[in-house]
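S.K.: Mind looking over this structure? Questions follow.
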Amino acid sequence: MWPLHGVNLGTLLRTCDAVGACMAVPRLPWVPEALARGNTLRRPACVHWTGNVTRWLDKQRAGGSVVLGVELADEAIRLGDLAAARRRTVVVLGHEQTGIPPEALALLDQVVEIPMTGTGASLNVAVAGSLVLYRLAGLL
């Protein structure tokens, strides 16, 4: 994930907990404080620090994880057609303004998009990530 706003990390952290997932985040200077502020859980949250994100994603793929990006792309499947995860899945969320960088797009096994009928081009990253996590968990 390439976060822009710290408040989104807190929202996603709660969603990860709700569906039994962990959050992986880059080690940016402001991220630990944003996670600490956003963690309203009564216990420590499951957080993995990625270091270099593309190297981390490559290692996850090599270890057998499915790498799923949430992005507008020609080959994307609709959220409603996304099956519940049957094995370890890493969800990649892009920067709120620029999306998933090209070097990370090349590491995706699958891309999912969230259909919209309004005038906006995308949802807030925390909302989009939450919808995808609930779908993968089989709860939507």
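S.K.: Please go through region 39-60 and give me each residue that is touching a residue at least 40 places away in the same chain (Cβ under 8 Å) and more than 15 Å from the chain's Cα centre (by Cα), ordered by number.
M.R.: Asp58
S.K.: Could you tell me which numbered condition His48 fails, if it satisfies all but one of (1) at pLDDT below 90; (2) touching a Phe, Trp or Tyr at 6+ places or on another chain (Cβ under 9 Å)?
M.R.: Unmet condition: (1).
S.K.: For region 48-75, name all the residues that are small (Gly, Ala, Ser) and surrounded by fewer than 19 Cβ atoms within 10 Å (Cβ to Cβ).
M.R.: Keep residues of region 48-75 that are small (Gly, Ala, Ser), which gives 51, 62-65, 69, 73.
Listed by number, the residues that qualify are Gly51, Ala62, Gly63, Gly64, Ser65, Ala73.
S.K.: Looking at region 82-93, can you tell me whether even one residue there is among the polar types (S, T, N, Q), at negative phi, surrounded by fewer than 12 Cβ atoms within 10 Å (Cβ to Cβ) and free of Cβ contacts under 8 Å to residues at least 60 places away in the same chain?
M.R.: Checked region 82-93: no residue is among the polar types (S, T, N, Q), at negative phi, surrounded by fewer than 12 Cβ atoms within 10 Å (Cβ to Cβ) and free of Cβ contacts under 8 Å to residues at least 60 places away in the same chain.
S.K.: How about region 119-140: which of its residues are β-branched (Val, Ile, Thr) and in a loop (DSSP other than H, G, I, E, B)?
M.R.: Thr119 - this is the single residue of region 119-140 that is β-branched (Val, Ile, Thr) and in a loop (DSSP other than H, G, I, E, B).
S.K.: Residues in region 112-126: is at least one in contact with an Asp or Glu (Cβ under 9 Å, 6 or more places away or on another chain), farther than 19 Å from Val7 by Cα and not polar (S, T, N, Q)?
M.R.: yes
S.K.: Could you tell me which residue of region 106-138 is modelled with the lowest pLDDT, considering only residues that are under 17 Å from Thr11 (Cβ atoms) and β-branched (Val, Ile, Thr)?
M.R.: Only one residue tops the list, namely Val125.
The values are calculated or read from the model by the stated rules, or taken from the named source; none is laboratory data. What you are looking at is a predicted structure, and each value in this text was computed from that prediction instead of being measured. Note that we place each Cβ from the backbone using ideal geometry, even for glycine, and neighbour counts take in every protein chain shown.
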